[in-house]
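One structure is given below, encoded as structure tokens.
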Amino acid sequence: MTPLPAAIIRRIAEIRDDNTHGAMSLTSRAGEIFHDWAVGMPHLSHADTVAQLTTLATSLCHAQPMMAPLVHLSSKLLAASDRCTSSAEIAQTVMTLSRQFVEQLHARLDAVAVNAAEVIPDRGMVLTHSSSSTVLEALIQASERGKHFRVFCTESRPMREGVALARRLNAAGIPATLLVDSAAYTVLSTVQMILVGGDAVTPDGLVNKIGTYGLAIAARDQTKSFYALCDSTKFLPASYPLPNQPEHDPREVLTTPMPGISVMNYYFDRTPLELLSGIITEEGILSVSQVKERLSSIQIHSQLLSRS
């Protein structure tokens, strides 16, 4: 097979090394990579074109293995290419569908935010963990509808993306309080609900920033509503098991290494679905049983299953 262009390989590596942006941003960039690959694709045989597209798709999925929308984008393009009879047709299909997928993803996330804004309490308090663009948009929409509330934002170690979320809320005129992750339990009794995003929803649970699992247990113990905001592209079936996540740079936790001390630095954990009050999607709020039913019906392209 003719190897992928060096510029495409470099952009895949940039997505792999990105530890601050979420699924929306990374999937948009992946869509641009697919599109640009198709635009600049050299003259290749049909077999080589299929092989390159498969390599590109699997490489992007492996670059950010916890990001479910990357899997759905890749699966959609591979399935469509199976019906193409020429390299030119594959290129045109990839250009069209990659753009459509990203546009539809934005629309889905807007719909999730609209639905979530409905349940945000007026004159209440909300707790969120990490920094979800969908949660941010839901909070802004609720505020624009005239609701008044305060948001507690966890710092979200080690990358501290919660600081950026608090700053954005403040810029939108929404009162925000920033707190260290371990202090979340101390404010739980004062909030009406917890809202988080998510990178994937699987039969094994919600994949989100590490610390979500413990927060969900605490919310259950205090009978607080706990919702994840995830559109349908975050759903992955049991047939596509997520790999074990890698450990990240220990210097993000301990700047100066200390002899004899090891560092464990994971970005994600998996919260059992049973701990959630529901998942707010573009269709509305789904119960855990409804989510599991949806998961069982999802199909992922066989090339991704064989390399997952």
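As a test of the definition: which semi-axes, in Å, follow for segment 156-308 when you take the square root of five times each eigenvalue of its alpha carbon gyration tensor? Largest first, please.
The equivalent ellipsoid of segment 156-308 has semi-axes of 27, 24, 15 Å.
Determine ³J(HN,Hα), in whole Hz, for all residues of segment 148-160 in sequence, where each value follows from phi through the Karplus function 6.51 cos²θ - 1.76 cosθ + 1.60 and θ = phi - 60°; x replaces Gly and Pro.
Each residue's phi maps through the Karplus curve to give 10, 7, 10, 10, 9, 10, 6, 4, 6, 5, x, 8, 6 Hz.
Provide the gained length on full extension for the span Gln245 to Leu305, in nm with one decimal, where the gain is 0.36 nm per separating residue minus the Cα-Cα distance.
Full extension of this stretch gives 19.9 nm more.
Modelled label-to-label distance, Glu144 and Gln192, 7 Å Cα→beta-carbon offset: nm?
Between Glu144 and Gln192, the label points sit 2.0 nm apart.
With a Förster radius of 35 Å, plug the Cβ-Cβ distance of Ala171 and Val39 into 1/(1 + (r/R0)^6) and report the FRET value to the nearest 0.05.
For Ala171 and Val39, the calculated efficiency is 0.45.
To the nearest 0.05, how large is the calculated FRET efficiency for Ala7 and Asp110 if R₀ is 35 Å and r is the Cβ-Cβ distance?
0.65
Can you list the lysines whose alpha carbon is less than 20 Å from that of Lys76, not counting same-chain residues fewer than 8 positions off?
Qualifying lysines at Cα under 20 Å: Lys234.
When you take every Cα atom in segment 206-257, what is the radius of gyration, and what is Dmax, the widest Cα pair distance, in Å?
When restricted to Cα atoms, segment 206-257 yields Rg and Dmax of 15.5, 42 Å.
Under a 5 Å amide H to amide H cut-off, with H placed in plane at 1.01 Å, what residues pair with Gly205 once short-range neighbours are removed?
The list, which skips near neighbours in sequence, is Leu273.
Ordering Arg150, Arg10 by how much accessible area each has at a 1.4 Å probe, largest first, what is the list?
Greatest to least solvent exposure: Arg10, Arg150.
Could you check the simple spin-label distance between Arg83 and Ser182, using points 7 Å along Cα→Cβ, in nm with one decimal?
For the pair Arg83/Ser182, the computed spacing is 5.5 nm.
For segment 191-202, take each phi angle, set θ = phi - 60°, evaluate the Karplus expression 6.51 cos²θ - 1.76 cosθ + 1.60, and give the result in whole Hz per residue in order, putting x for glycine and proline.
9, 8, 7, 10, 10, 9, x, x, 9, 7, 10, 10
What order do you get for 132-142, 278-288, 209-219, 173-183 when each peptide is scored by the mean count of other beta carbon atoms within 10 Å, highest first?
132-142, 209-219, 278-288, 173-183
Please identify which residues in segment 180-203 have an amide N closer than 20 Å to a label point set 7 Å out from the Cα of Val288, following the Cα→Cβ vector.
Residues passing the 20 Å test: 193-203.
The values are calculated or read from the model by the stated rules, or taken from the named source; none is laboratory data. From a predicted model like this one, the values you see are computed outputs, not experimental measurements. In this analysis, Cβ positions are derived from the backbone assuming ideal geometry, glycine residues included, and neighbour counts consider all displayed protein chains. Heads up: the accessible areas ignore ligands, DNA and RNA and are worked out on the full protein's heavy atoms, side chains in. Shrake-Rupley method; radii C 1.70, N 1.55, O 1.52, S 1.80 Å.
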